[in-house]
């Protein structure tokens, strides 16, 4: 009798945890769709960067998988189907280990995402506004979207590949301000020429690093907390699915 009550309790706990996995998959799906729907003009950044482009679709794929796994786990628990429970256990274990490995790699390589690292890469690889390479296109999109210039500021383009390719330009066109206070009567071409030649007041002096960190700071802790919650739920789901699998006659 006690064993039957315990099995029934595990079954319903399994259903509850899988319901949360189902919700977690829904959140990831919503996040991927949120990026693709271009809420803040990020579509150009995502499209121009193969890594980001792949990451968005991986997010959608992971969300879809968790969505389906949550549904599968709920059905396997309620119907006490050993085949569904075993498939569910193996897939959740694979996802759990993959997410854990990704978290460890992100922690180990966090030191590479410093201001100095981005400055060094910008000096070495950025080519300018009219170049279609992925690196330059991504930086152009970032500088235009956040109305910033360089990593720490316009001085990042000194002694850079950009200055070597365009010696007459002090900053790229992406650094130019859309509206220059007090210079509304000038033509757009004249303002752009003054900007790229380094005339103060025509280009942004704000660095992109502080803008990006400030924008994403509020989301980093939320993402980390969500990852911990999802991993914890998946761990309990693994335990309960195996216990339920062993308890079903």
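The values are calculated or read from the model by the stated rules, or taken from the named source; none is laboratory data. Note that this is a predicted model, so its numbers are computed, not measured. Cβ: placed from backbone, ideal geometry, glycine included. Neighbour counts: every protein chain shown.
Miscellaneous remarks
- Members of the range 143-159 that are under 13 Å from residue 118 (Cα atoms) and either part of a loop (DSSP other than H, G, I, E, B) or at pLDDT below 90 (or both): 149, 150, 151, 152, 153
- Any hit, the range 213-225, residues being crowded, with 16+ Cβ neighbours inside 10 Å and modelled with pLDDT under 80: no
Each row is one residue, and each column tells you yes or no for (1) out of contact with any helix residue (DSSP H, G or I) (no Cβ under 6 Å at 6 or more places or on another chain); (2) more than 22 Å from residue 225 (Cα to Cα); (3) modelled with pLDDT of 70 or more; (4) surrounded by 16 or more Cβ atoms within 10 Å (Cβ to Cβ).
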| position | (1), (2), (3), (4) |
| --- | --- |
| 2 | yes, yes, no, no |
| 7 | no, yes, yes, yes |
| 18 | no, no, yes, yes |
| 23 | yes, no, yes, no |
| 27 | yes, no, yes, no |
| 30 | yes, no, yes, no |
| 37 | yes, yes, yes, no |
| 41 | no, yes, no, no |
| 45 | no, yes, no, yes |
